[in-house]
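**Student:** My questions will all concern the structure given below.
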Amino acid sequence: MSPEMRIKKNFSIESANNARYVKTYDHSVGETSRPGSPTASFMTVASADLQRIRKDQGLLKSLADFLGPWARNWLKGKEEEDAEARRNNGKDNRAPKRLKLAADVVEILDDPTARPMVQFPDTLICTANLSSSLPLCLFTLPHLQTIYAFQNEIKTKKTYIPDDEGKIISVGIYDIAKLRERLGIAADTGKSDGLTFSQFRDAAQNFYNFEAERTEGHGQSIRAQWTSSHFMFFLNQPDAEELYSHWKPIEYDLRLQHQLRSLSFNIEIYRGSWLKAELARDIQRTQDAATASANSADSLIF
């Protein structure tokens with residue numbers, strides 16, 4: 001299939017996927033009886049073919065209505081690269097003397113009522129793009145602030161990927177084990193991720209922002225919308241904090257399955273999982289009551 005036909009096919013796939021996702025969302029809020037079917041994968045369009053289309057203005061114009069956000073962003077990036085190359089052509093590349101001076105500081109007023117702004121280093125985004133998953137414990141505010149503040153000092157490891165032209169280049173990504181060690185996070189935190197309820201709530205918000213920032217469409221991307229639906233299902237439960245220790249392992253498993261298999265958000269699975277957490281809570285209460293009763297009886301004997 002020609003690259004031009006692949007682009008047109010991807011446009012149809014994107015439209016159908018959006019309709020499926022809307023149907024799944026409507027089902028999750030009780031407006032429809034059945035969720036949307038699983039989304040389809042896009043067809044690959046090589047960078048070399050996009051480059052050829054970019055150079056052919058007639059062909060580019062004929063395909064303009066079928067270019068998705070991913071293609072438009074790629075084309076925009078290439079135009080910006082060309083413009084930057086033209087600006088730099090013939091310039092003296094030696095470092096200017098002003099680099100010996102520190103940049104001035106722009107002060108801001110602290111607002112204790114405002115949520116602190118979280119910034120994600122490019123290396124963290126690159127690591128996520130080349131890894132199956134990142135530990136949720138990395139996304140608490142203190143840990144993200146440490147990563148951002150010391151991003152140039154934290155050691156990275158090299159991995160090799162093809163660039164837009166098909167050439168193999170090396171990029172630096174974080175060694176997760178060493179990053180955990182740098183942040184003082186245990187090597188194995190289990191399904192609790194080593195997080196309290198309040199820490200989990202903080203990490204969930206930051207992780208959603210991270211997923212939105214690193215994907216095209218930002219908050220409207222399927223990745224970001226799944227992340228929001230997943231975390232908010234648990235956090236919106238009225239007794240979420242009380243049941244935290246019971247549903248957190250379930251949350252971990254659901255998130256892991258999505259990361260490994262790209263499973264869509266299924267509200268019925270989540271409702272069933274919540275019932276399991278409630279049952280575990282009730283069993284724990286019964287056991288605690290029996291233990292307390294036995295201890296009380298023993299104290300009366302002595």
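**Student:** Can you pull out the residues in segment 19-59 that are exposed (fewer than 15 other Cβ atoms within 10 Å of the Cβ), closer than 30 Å to M232 by Cα, touching a helix residue (DSSP H, G or I) at 6+ places or on another chain (Cβ under 9 Å) and modelled with pLDDT of 70 or more?
**Tutor:** G30, E31, T32, S33, R34, S37, P38, listed by residue number.
Results for (1) of a type in the set (K, R); (2) modelled with pLDDT of 95 or more; (3) touching a Ser or Thr at 6+ places or on another chain (Cβ under 7 Å), shown as yes or no for each residue.
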| residue | (1), (2), (3) |
| --- | --- |
| F200 | no, yes, no |
| A203 | no, yes, yes |
| F210 | no, no, no |
| Y244 | no, yes, no |
| W274 | no, yes, no |
| Q284 | no, no, no |
| D288 | no, no, no |
| A294 | no, no, no |
| S299 | no, no, no |
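**Student:** Still on this model: Which pairs turn up if I take residues in segment 187-200 that are among the small types (G, A, S) and look for partners that are surrounded by 15 or more Cβ atoms within 10 Å (Cβ to Cβ) with beta carbon separation below 7 Å, at least 6 apart in sequence or on another chain?
**Tutor:** Listed by first residue and then by second, the contacts come to A187/R180; S192/K248; G194/C137; G194/I185.
**Student:** Identify, from the list E211, E216, the residue that is touching a helix residue (DSSP H, G or I) at 6+ places or on another chain (Cβ under 9 Å), under 25 Å from F120 (Cα atoms), assigned to a loop (DSSP other than H, G, I, E, B) and touching a residue at least 12 places away in the same chain (Cβ under 8 Å).
**Tutor:** E216
**Student:** Same structure, new question: Only one of (1) part of a helix (DSSP H, G or I); (2) among the polar types (S, T, N, Q); (3) more than 22 Å from T196 (Cα to Cα) fails for S264. Which number is that?
**Tutor:** Checking S264 against (1) part of a helix (DSSP H, G or I); (2) among the polar types (S, T, N, Q); (3) more than 22 Å from T196 (Cα to Cα), the one that fails is (1).
**Student:** Scan segment 164-175 and give yes if some residue there is touching a Phe, Trp or Tyr at 6+ places or on another chain (Cβ under 7 Å), among the aromatic types (F, W, Y) and surrounded by 10 or more Cβ atoms within 10 Å (Cβ to Cβ), otherwise no.
**Tutor:** Checking segment 164-175: not a single residue is touching a Phe, Trp or Tyr at 6+ places or on another chain (Cβ under 7 Å), among the aromatic types (F, W, Y) and surrounded by 10 or more Cβ atoms within 10 Å (Cβ to Cβ).
**Student:** Among the residues of segment 133-170, what is the count of those that are more than 21 Å from V118 (Cβ to Cβ) and either in contact with a Leu (Cβ under 8 Å, 6 or more places away or on another chain) or part of a helix (DSSP H, G or I) (or both)?
**Tutor:** Within segment 133-170, residues that are more than 21 Å from V118 (Cβ to Cβ) and either in contact with a Leu (Cβ under 8 Å, 6 or more places away or on another chain) or part of a helix (DSSP H, G or I) (or both) number 2.
**Student:** In the list K178, K191, which residue meets the criterion of being of a type outside the set (A, V, I, L, M, F, W, C), touching an Asp or Glu at 6+ places or on another chain (Cβ under 8 Å) and in a helix (DSSP H, G or I)?
**Tutor:** K191
**Student:** Something else about it: Among the charged types (D, E, K, R), touching a helix residue (DSSP H, G or I) at 6+ places or on another chain (Cβ under 6 Å) and without any contact (Cβ under 8 Å) to a residue 24 or more places away in the chain: does that describe R223?
**Tutor:** yes
**Student:** How many residues does segment 225-243 contain that are part of a helix (DSSP H, G or I) and either closer than 16 Å to E14 by Cα or over 22 Å from the mean Cα position of the chain (by Cα) (or both)? Break it down stepwise before answering.
**Tutor:** Looking only at segment 225-243, we keep the residues that are part of a helix (DSSP H, G or I), and these are 225-235.
Then keep just the ones that are either closer than 16 Å to E14 by Cα or over 22 Å from the mean Cα position of the chain (by Cα) (or both); that gives 225.
Qualifying residue count for the region: 1.
**Student:** Right, something else. Can you tell me which residues in segment 244-261 are buried (at least 18 other Cβ atoms within 10 Å of the Cβ), of a type outside the set (D, E, K, R) and more than 13 Å from R271 (Cβ to Cβ)?
**Tutor:** Listed by number, the residues that qualify are Y244, H246.
The values are calculated or read from the model by the stated rules, or taken from the named source; none is laboratory data. Remember, predicted model here, so these are calculated numbers, not experimental data. Virtual Cβ from ideal backbone geometry, glycine too; neighbours counted across all protein chains shown.
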